[in-house]
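The values are calculated or read from the model by the stated rules, or taken from the named source; none is laboratory data. Keep in mind the model is a prediction, meaning the values are calculated, not measured. Note: ideal-geometry Cβ built from the backbone for every residue, glycine included; neighbour counts use all protein chains shown.
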Amino acid sequence: MPARSKAKGRSVRTTEAASGDGTHYIFKSSLAGGARRFELTEAGLLWQGTRSQVWPLATIAAVRLSYRPASMQPWRFRMDIEDTSGQRATLFSTTLHSIAMMARQDDDYRAFVVELHRRLATAGGHVRLTAGIHPLLYAAGLVVMALIAIALAGLMVRALLTAQLAGALFLAGFAAWFIWQVGNFLRRNRPRSYTFDALPADLLP
């Protein structure tokens, strides 16, 4: 299994070895529905949810990779696939076992993402490869983060001026936690494009 680096900006090549053959992926995103199955076949991308469909690889128009933490599982990633007709399929790197248990499927998800990109690269179609969230959402996130940071700084200064050390320490701890959580989300989800031979390592488990 290839070494995984967390170094900023490092990319993952589609030629590197991955867990399994990467041709199958199954996950469950909701307790109400059944599991979703994705398979890479000679005919293209077969996926089964409420119905079964096959997308020839040449009809896949866009792929977006992003980091999407959840309350039950902060280490969660997402891939959105869109075909030329506008239909979309979404995969998560986790699967829901119960109302209180969401399990990671890092190796299987990673292997499928890498194999899909490898096959798309040889299919000859034009695919828009995007990393992170939509630029408008990203900009809104930066603005909200800045406003909250300013508000917390003002509260901390007020607490120090009134000798409320306990309150100041609480605010400092909350500010550190907030910046770590939101900052990590925004750092990973920075809008950008990527290429078939250099997948964004920070958006793969």
Study note, to complete from the structure: Cβ pairs under 8 Å, 6+ apart or interchain, first in the range 185-199 and touching a residue at least 60 places away in the same chain (Cβ under 8 Å) and closer than 18 Å to VAL113 by Cα, second aromatic (Phe, Trp, Tyr) and part of a helix (DSSP H, G or I), ordered by first then second residue, are ASN189/TYR138
Exercise for review: For the range 154-205, name all the residues that are farther than 30 Å from ALA103 by Cβ, touching a strand residue (DSSP E or B) at 6+ places or on another chain (Cβ under 9 Å) and of a type in the set (D, E, K, R).
Suggested key: ASP197
Check your understanding: Of all residues in the range 131-140, which are surrounded by fewer than 19 Cβ atoms within 10 Å (Cβ to Cβ) and in contact (Cβ under 8 Å) with a residue 12 or more places away in the chain?
Key -> HIS134, PRO135, TYR138
Review point. Which members of the range 71-96 meet the condition of being over 28 Å from VAL54 (Cβ atoms) and in contact (Cβ under 8 Å) with a residue 40 or more places away in the chain?
Key: TRP75
Point to revise | Those residues of the range 146-175 which are touching a Phe, Trp or Tyr at 6+ places or on another chain (Cβ under 9 Å) and either closer than 23 Å to LEU186 by Cα or surrounded by fewer than 15 Cβ atoms within 10 Å (Cβ to Cβ) (or both), in sequence order | key: ILE148, ALA149, LEU152
Point to revise | Selection within the range 108-134 - farther than 27 Å from LYS28 by Cα and either among the hydrophobic types (A, V, I, L, M, F, W, C) or not assigned by TED's automatic domain parsing to the domain that holds PHE77 (or both) | key: ALA121, ALA123
Review point. In the range 61-110, how many residues are in contact with a His (Cβ under 8 Å, 6 or more places away or on another chain), among the small types (Gly, Ala, Ser) and within 23 Å of PRO191 (Cα to Cα)?
Key: 1
**Study point:** strands (runs of 3 or more DSSP E) wholly inside the range 32-122 that include at least 3 residues being surrounded by fewer than 15 Cβ atoms within 10 Å (Cβ to Cβ)
**Key:** 52-55
Revision key, fill the gap. Restricting attention to the range 75-108, the residues that are more than 11 Å from the chain's Cα centre (by Cα) and at negative phi number exactly 22
Check your understanding: Pairs under 9 Å by beta carbon, first residue under 19 Å from THR94 (Cβ atoms) in the range 34-62, partner modelled with pLDDT under 90 and among the aliphatic types (A, V, I, L, M), six or more apart or different chains?
Key -> GLN48/ALA35; GLY49/ALA35
Check your understanding: Mind checking which residues of the range 157-196 are at pLDDT 90 or above and over 28 Å from GLN73 (Cβ atoms)?
Key -> THR195, PHE196
Point to revise | Considering residues of the range 123-170 that are outside any helix (DSSP H, G or I) and hydroxyl-bearing (Ser, Thr, Tyr) only, the residue nearest to PRO205 (Cα to Cα) | key: THR130
